[in-house]
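One structure is given here, and the rest of the page talks about it.
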Amino acid sequence: MSFQVDPVPERDPDLYADLTPDEMRIGLKVAGVGVGRVDYLTDTISLDALAGQIFAMPAHQSIPRADFHSRIHREDWPAVEKEVELLLAPKAPDVIDVTHRILLPDGEVHWVRARKQVWFDNTGPVRRPVRGVFAVTDITKQHRAELQSEYLIGELHHRTKNLMAVVSSLVRQMSRHSRPEDIASKLIDRLGALARNQDAMVKGDGRRIGIHAVLEPQVSALSHVPSGRMTLTGPDILLSDSASQVIAMVTHELLTNATKYGALSGEAGQVDIVWTAEDGQFTFNWSETGGPPVTPPDRTGFGSRILTSYLRAALEAEGKLDYRPEGVRFSFAAPLSSLTR
């Protein structure tokens, strides 16, 4: 049987610079490009070593095209099949460029990019494919990096909006419940608490953060207070970004009051923070001892609202503030899901 095949395009001497076959092979290996040959007359495919490694199939053997195509992820196969059909159509372009997933025998999913060219027999009444060559690269790492970048950009956008909402709420509440001359210093103080929490989030994975990592920067900010006078006790549960901001703000308010008026205002007072997470419920308990005698304030300020209405709106929790003479007590309970979702 004789037939006339479309001529193979001549190599561009400027492009290949008269490379030897060995140099071409090395170049493909360095670039991570695998090569395969398609025989449409026998309906088989042969892969070089790297292409065989990418698809987890034997190299330098004739493989049925159907077996090779079975590696393509079933969700991506319809789109790839359409491209192949267009490639093999008589009047269509003879080169395609496709990106898709492949499913390996061990269950792993990889991403590949393939470019393919086909040569046709022009002797009969209908132009038909005879052979093809394709080059393939594994782009799994690049694809995952792109997805990670997209996620981080989306996460940053979400966190920025959330942080702006918190700051806006602080400003509105302060304007209603603080003297104008006090707003700037109070706002700067509370923004510092939020900034410390953001720093802790960055050191983590940016999505969840352990409660110890939230509380410790707030406690450490009181550099004049020996660490032994404050204890943190409880399981290191992971908090969401928004919940960590709430816990940081609540702790900051309690520490500020304890430093100004309570157990940390003198030389001998003690603060103990204890929390539990059991049966889907989170509990937080703040206890001060050894400070000056406590008297209830004449009025409730913005700080008290953070411990009550802000806490209720953010975590579905009811804060209980008890001005005992021997030391302030504060506690709240919330569904664990409201801190982790």
Worksheet item: Given the Cα-Cα distance of residue 238 and residue 39 and 0.36 nm per residue of separation, how much length would full extension add, in nm?
Response: 66.0 nm
Worksheet item: So what are the ³J(HN,Hα) numbers for segment 113-128, from phi and the Karplus equation (6.51, -1.76, 1.60; θ = phi - 60°), rounded to whole Hz, Gly and Pro as x?
Response: 10, 10, 10, 9, 10, 10, 10, 10, 8, 9, 7, x, x, 10, 5, 10
Practice prompt. Quote the FRET efficiency, to the nearest 0.05, computed for residue 316 versus residue 212 with a Förster distance R0 of 25 Å and r equal to the Cβ-Cβ distance.
Written response: 0.65
Fill in: Simple spin-label estimate for residue 99 and residue 81 in nanometres, 7 Å along Cα-Cβ
2.4
Fill in: Contour excess over end-to-end distance, with Cα ends at residue 295 and residue 283 and 0.36 nm allotted per residue
1.8 nm
Worksheet item: In debye, nearest 20: dipole of segment 13-138 around its Cα centre with unit charges on the Cβ of K, R (+) and D, E (-)?
Response: 280
Worksheet item: Once both labels are modelled 7 Å past Cα along the beta-carbon direction, what's the residue 60-residue 329 spacing in nm?
Response: 8.1
Discussion item. Can you compute 3J(HN,Hα) from phi for each residue in segment 231-242, using the Karplus curve 6.51 cos²θ - 1.76 cosθ + 1.60 with θ = phi - 60°, rounded to whole Hz and x for Gly and Pro?
Written reply: 10, 10, 9, x, x, 8, 6, 8, 9, 6, 4, 5
Fill in: Overall form of segment 13-138 per C-alpha gyration tensor (a/c, 1.5; a/b vs b/c)
oblate
Practice prompt. Using amide H atoms built 1.01 Å from N in the peptide plane, name the residues 5+ places from residue 130, or on other chains, whose amide H lies under 5 Å from its own.
Written response: 119, 120, 121
Worksheet item: Considering amide H positions built from the backbone, and no H for Pro or chain starts, which residues 5 or more places from residue 282, or on another chain, come under 5 Å of its amide H?
Response: 334, 336
Discussion item. If I model a spin label at residue 91 and residue 259 as a point 7 Å from the Cα along the Cα→Cβ vector, what separation in nanometres do I get?
Written reply: 7.9
Worksheet item: So which of 29/91; 91/141; 116/141 end up more than 26 Å apart, counting from Cα to Cα?
Response: 29/91; 91/141
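Laboratory data are not the source of any read-out in this text; all were calculated from the coordinates shown. Predicted model, so just to flag it, every value in this text is computed and none were measured. Cβ coordinates were reconstructed from backbone atoms using ideal geometry, including for glycine residues, and neighbour counts include every protein chain displayed.
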